Every structure is written in C-alpha cells, then in structure tokens.
1. Looking at segment 56-66 only, could you name the residues that are hydrophobic (A, V, I, L, M, F, W, C) and either outside any loop (DSSP other than H, G, I, E, B) or modelled with pLDDT under 95 (or both)?
2. So Gly53 ticks every box in (1) at pLDDT below 95; (2) assigned to a strand (DSSP E or B); (3) open to solvent by 40 Å² or more (accessible area, probe 1.4 Å); (4) under 18 Å from Gln130 (Cα atoms) but one. Which box is left unticked?
3. From the list Glu88, Glu101, Glu72, Glu35, which residue is touching a Lys or Arg at 6+ places or on another chain (Cβ under 9 Å), open to solvent by 70 Å² or more (accessible area, probe 1.4 Å) and among the acidic types (Asp, Glu)?
4. Among the residues of segment 129-141, which ones are closer than 14 Å to Thr56 by Cα and open to solvent by 10 Å² or more (accessible area, probe 1.4 Å)?
5. From the list Leu81, Leu59, Leu55, Leu66, which one is over 21 Å from the mean Cα position of the chain (by Cα) and of a type in the set (A, V, I, L, M)?
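The values are calculated or read from the model by the stated rules, or taken from the named source; none is laboratory data. In this text the structure is predicted, and so the values were computed from the model without any measurement. Using ideal geometry, Cβ is built from the backbone for each residue, glycine included, and neighbour counts are taken over all protein chains shown. Calculation scope for accessible area: heavy atoms of the full protein, side chains included, ligands and nucleic acids excluded. Shrake-Rupley method; radii C 1.70, N 1.55, O 1.52, S 1.80 Å.
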Amino acid sequence: MRLMSKTLLGSLVIGATLFTSTASAEEDQVFGWVENATLQPWGITVKAKLDSGALTSSLDARDIELFEQDDEQWVRFRLKLEDQGSGEVFSDEIERPLYREQAVRGAGGRDERPVVLMELCMGDTIYEEQFSLRDREEMLYPLLLGRRTISHLGLLDVRNTFLQEPGCDENAEVVPHDPEDDQS
C-alpha cells in the first residue's frame, strides 16, 4: 500500500510537471529557421537564419576597426544591408562599445571577432543581443541568430520559415541583455 501511494504521488508530480511544461510551451512564440528581423534603431528588415549550431549571433559588417574612446575599446564598422521591405540598401558607419572578443576556430584557422550589443525586433519584442561582427557578404543570410538569442525568442520550428513578422513599435517590450547569458 505504501509503495502504491509513493508511485501514485510520483505519477501526479510527473503529470503536473508535464502539464506545466506543455502550458508554457503553448505560450511561447514559434519561429521558423529563417525569419525577418528588424535591426534597431534603423528599422532595417533583413533575413535572419536561426542556427542552433552557433552559440553567438553574427552580423554582416564591413571595414571593422577597433579604436579607443574615453579609455574604452570601441568598434567602428559599416553595415551594408538590403531592406527586405523596400529593397533599399542601408549603408552606414556604426560605432559601438566593444562588448568582448570572440575566438573562432574553423577550417581556415583561428580568428578573433569583435562582439557588440545591438537591438533587433523579432515578433513584437525588441531584444538586446550579442553580435559577432564579420564580413558575411558571401553568405545567404546577413544575420545569423545563435542559441543565446534563440533561447529568448521562444521555440524553433526547423521545418518552417517566416512564421513571425517583426512588428515592433514605440511601445514594444525591450528585453535587455542579460550578462548571465554570457556563461552559457
């Protein structure tokens, strides 16, 4: 009898946990493996590949240059992105504080990339995220969203594309960067 009550109690706990997980999953937004994302504050909408194989997000940047400003490391770079809505090319020089440097190892050897914090709109929310900067001109997607960013969005459906349209306005929720994410 005692064993049966422990088994029943265990089943109830597991069932409640599964119900909570399912209810939580139903509340999450679902994104496809390719989505449109809007870079803030410029309002440029670009195709983004959601890549669970990458940890850090990556943005197409040209003429990347590190410099010092007020005793801090900064990065100057040029964005050259085609807006998906208008077809216009946005080309502007941007300066951001250097958040960190990322060491990347690949077939071509070891590479150091600057990482900056930038905001992007996905769905109806603006996220402040880490982006490594590199020339992605030869890539299909100028923006790659890695696991750190995907973990904030909701669920990833690898079978579908374009499940959410960026729809941020001046009242959009802004999710600031969480330094605890840097530990993952």
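1. From segment 56-66, those hydrophobic (A, V, I, L, M, F, W, C) are 59, 61, 64, 66; that's our starting set.
If the condition is that a residue be hydrophobic (A, V, I, L, M, F, W, C) and either outside any loop (DSSP other than H, G, I, E, B) or modelled with pLDDT under 95 (or both), then Leu59, Ile64, Leu66 are the ones that fit.
2. Failing condition for Gly53: (2).
3. Details: Glu88 fails: touching a Lys or Arg at 6+ places or on another chain (Cβ under 9 Å); Glu72 fails: touching a Lys or Arg at 6+ places or on another chain (Cβ under 9 Å); Glu35 fails: open to solvent by 70 Å² or more (accessible area, probe 1.4 Å).
Matching residue, one of Glu88, Glu101, Glu72, Glu35: Glu101.
4. Taking segment 129-141 and keeping what is closer than 14 Å to Thr56 by Cα, we get 129-134.
Once the filter is applied, which keeps residues that are closer than 14 Å to Thr56 by Cα and open to solvent by 10 Å² or more (accessible area, probe 1.4 Å), segment 129-141 yields only Arg134.
5. Numbers: Leu81 fails: over 21 Å from the mean Cα position of the chain (by Cα); Leu59 fails: over 21 Å from the mean Cα position of the chain (by Cα); Leu55 fails: over 21 Å from the mean Cα position of the chain (by Cα).
Result of the check over Leu81, Leu59, Leu55, Leu66: Leu66.
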